[in-house]
């Protein structure tokens, strides 16, 4: 790190979760940062000191940014992963917002459910029915991007939306390995992003966590 380079510190739990997109942006950009991981048992004592009483947050030369998408958008702009112009940036933001729709459309409810029988029912409903509408929409957007011959979602190269979506696809596959079987473009896109320089090396060396 050069003497005048910004000092970055990303604070999150020892999970991929909402911190993984920022980590992969750093990896792709080849920018050094501190990957600080908080233990679950320590979180209640640190919550009130965070910007929104949530994780992750990012420290940049002592300044603090909260909320995962705000962090990623900030990093993407710094590292040229936000889109080439206002229109591309809007398309990137729309795709990222749609990832939230996928999570809120049943995935989070399934993850948080503690009753075993209810959890299995929610999983079956989500992966047999609900998720496919979302995946069809992603596949359609990917196919429509003629600038990259359907290799990336916006423009001719990767943006942070590609990283964010590939991570989501990986999370879905962790739960249901065959979920992308009917979506060849999405499956190929995930593999392409995971093989990008920096991201490939990060995935190989990152801590092994439950999610």
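Going 7 Å from the Cα of residue 7 along its beta-carbon direction, which residues of the range 61-79 have the amide nitrogen within less than 19 Å of the resulting point?
61-66
For the chain, what is the per residue volume of the convex hull drawn over the alpha-carbon atoms, in cubic angstrom? Working shown, then result.
Values: hull volume 28.0 nm³, N = 211.
In the chain, the Cα hull volume divided by residue count equals 133 Å³.
Give the shape of the range 122-211 as rounded, prolate or oblate, defined through the alpha-carbon gyration tensor: a ≥ b ≥ c are the square roots of its eigenvalues, a/c under 1.5 means rounded, and otherwise the shape is prolate if a/b is larger than b/c and oblate if not. Mind dumping the intermediate values first?
Numbers: a/c = 2.41, a/b = 1.08, b/c = 2.23.
Oblate is the answer for the range 122-211, as a/c is 1.5 or above yet b/c matches or exceeds a/b.
If neighbour count is taken as other Cβ atoms inside 10 Å, put 36, 189 in order from fewest to most.
Values: 36 13, 189 25.
Ranking 36, 189 by Cβ neighbours within 10 Å, fewest first, gives 36, 189.
If packing is taken as the average count of other Cβ atoms within 10 Å, what order do 40-48, 73-81, 17-25 fall into, highest mean first? Kindly include the intermediate steps, with their values, before the conclusion.
Working: 40-48: 9.8, 73-81: 18.2, 17-25: 23.3.
Top to bottom by mean Cβ count within 10 Å: 17-25, 73-81, 40-48.
Based solely on its DSSP helices, what 222 nm [θ] is calculated for the chain when runs of n ≥ 4 H residues each add -39,500 (n - 2.57) and the sum is averaged over all residues, nearest 500 deg cm²/dmol? Don't skip to the end; give the middle numbers.
Numbers: 10 runs with 105 residues, N = 211.
So the helix-based figure for the chain works out to -15000 deg cm²/dmol.
Kindly list the residues of the range 115-130 that lie in the label zone of residue 176, defined by a backbone N under 12 Å from the point 7 Å along the Cα-to-C-beta vector.
121-130
Looking at the chain, send over the antiparallel percent of its DSSP beta bridges, to the nearest 5.
Details: 8 of 13 bridges.
Antiparallel bridges: around 60 percent, rounded to the nearest 5.
Give me 108, 165 ranked fewest to most by other Cβ atoms within 10 Å of their Cβ, as a rough exposure proxy. If you can, show how the numbers build up before the last one.
Values: 108 12, 165 26.
Listed from fewest to most nearby Cβ atoms, that is 108, 165.
Using a Debye calculation, one point per C-alpha and no hydration shell, please list log10 I(q)/I(0) for the range 1-102 at q = 0.15, 0.18, 0.20, 0.21 Å⁻¹ in order.
The Debye formula, applied to the Cα set alone, gives -0.65, -0.91, -1.09, -1.17.
No value in this document is a laboratory result; all are computed from the given coordinates. The shown structure was predicted, so the numbers you read here are calculated from the model rather than taken from an experiment. For neighbour counting, all protein chains shown are included, and Cβ atoms are generated from backbone atoms with ideal geometry for every residue, glycine included.
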